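Each remark here refers to the structure printed beneath this line.
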Amino acid sequence: MSGSLRLLPPGTPAQKHDHFDLVLGDRVLRLRDPRRFGAVLWTSESLDSHPLLAALGVEPLSRALDPARLYALTRKHRAPVKQFLMDGRRIVGVGNIYASESLFRAGIDPRLPANRLSPAQCARLARAIKATLRAAIRAGGSSLRDYVGADGGRGDAQSRHSVYEREGKACRRCAAKVKRVVQGARSTYYCPGCQKRK
Ligand SMILES: [Zn+2]
């Protein structure tokens with residue numbers, strides 16, 4: 001994503017898209033949010049009952065997302081599994097890139113209706129989501145450091161994608177050509193050789 005939370009010395013001038021400072025003694029925690037998807041909540045309520053948070057789904061990196069939970073969550077949803085993964089009311093934090101990448105890692109066709117996933121596929125997918133997000137967090141961390149330290153060039157997270165934005169290129173695993181389909185007005189990338197309906 002394009003936003004950031006950074007620790008800065010107090011008095012650092014605000015730049016465009018800097019919306020919020022939390023002053024912490026000799027540091028300032030600054031929110032930059034160009035796309036305005038972020039929010040800062042000041043509340044004494046329980047977070048679980050806050051209107052912006054109450055309807056959110058399972059945290060993918062928590063133990064709550066295990067194979068049995070994913071299987072149960074998918075039963076009522078006939079939408080393609082790619083769209084199911086991106087629905088924050090079911091699972092939070094799996095955006096367009098990591099939905100495609102997780103399904104590749106799990107070997108599952110993104111067009112398969114969510115309620116057709118087998119228990120074995122749900123087990124692979126739960127593992128794949130966690131592994132994909134953890135790898136992305138590591139790559140994002142290193143690209144952020146590169147970005148700040150060098151000339152503003154891009155990090156290498158992009159070059160690590162298995163299928164995302166690789167339409168027509170050879171799959172890194174089986175060499176079939178990566179395909180793109182549009183689902184819910186978003187591009188989905190997948191490998192017809194590696195990703196199956198069963
Ligand atoms: Zn492949």
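Worth a mention:
- At least 18 Å along the helix axis (C-alpha) and Kyte average at least -1.0, DSSP helices within the chain: 119-149
- Springs between Cα atoms under 10 Å define the GNM used for the chain, and in it the highest mean-square fluctuation of G140, G88, G11 occurs at G11.
- Residue-normalised accessible area of segment 59-140, given per residue in Å² at a 1.4 Å probe: 46
- Structure remark: mean-square fluctuation, Gaussian network model of the chain, C-alpha springs under 10 Å; the largest value among V94, V58, V23 belongs to V23.
- Accessible area of the chain belonging to carbon and sulfur atoms, whole % at 1.4 Å probe: 54
- Taking the Cα centre of the chain as origin and assigning +1 to Lys and Arg Cβ atoms and -1 to Asp and Glu Cβ atoms, the resulting dipole is close to 1300 debye.
- Cβ-based charge dipole, the chain, positive-most Cα from P192, I97, P60: P192
- On full extension, the segment bounded by L8 and A185 gains 59.9 nm, given 0.36 nm per residue less the C-alpha separation.
- Residue-averaged [θ]222 nm for the chain, counting only DSSP H segments that reach four residues, each worth -39500 (n - 2.57): -9500 deg cm²/dmol
- Accessible area of segment 1-54 divided out per residue, in Å², using a probe of 1.4 angstrom: 81
- Estimated D of segment 1-54 in µm² per second, where Rh is the Kirkwood radius over Cα pairs and Stokes-Einstein applies at 37 °C, 0.692 mPa s: 261
- Cβ-derived FRET efficiency at R0 30 Å, A135 paired with H19, nearest 0.05: 0.55
- Packing-based order for 28-36, 185-193, using average beta carbon neighbours within 10 Å, highest first: 185-193, 28-36
- In this structure, A175 and A54 have a Cβ-Cβ separation that, at R0 = 45 Å, corresponds to a calculated FRET efficiency of about 0.45.
- The chain: equivalent-ellipsoid semi-axes (sqrt of 5 x gyration tensor eigenvalues, Cα, Å): 33, 23, 13
The values are calculated or read from the model by the stated rules, or taken from the named source; none is laboratory data. Note that the structure is a prediction, hence the values are computed from the model and not measured. Virtual Cβ from ideal backbone geometry, glycine too; neighbours counted across all protein chains shown. Heavy atoms of the whole protein, side chains included, go into the accessibility calculation; ligands, DNA and RNA do not. Shrake-Rupley method; radii C 1.70, N 1.55, O 1.52, S 1.80 Å.
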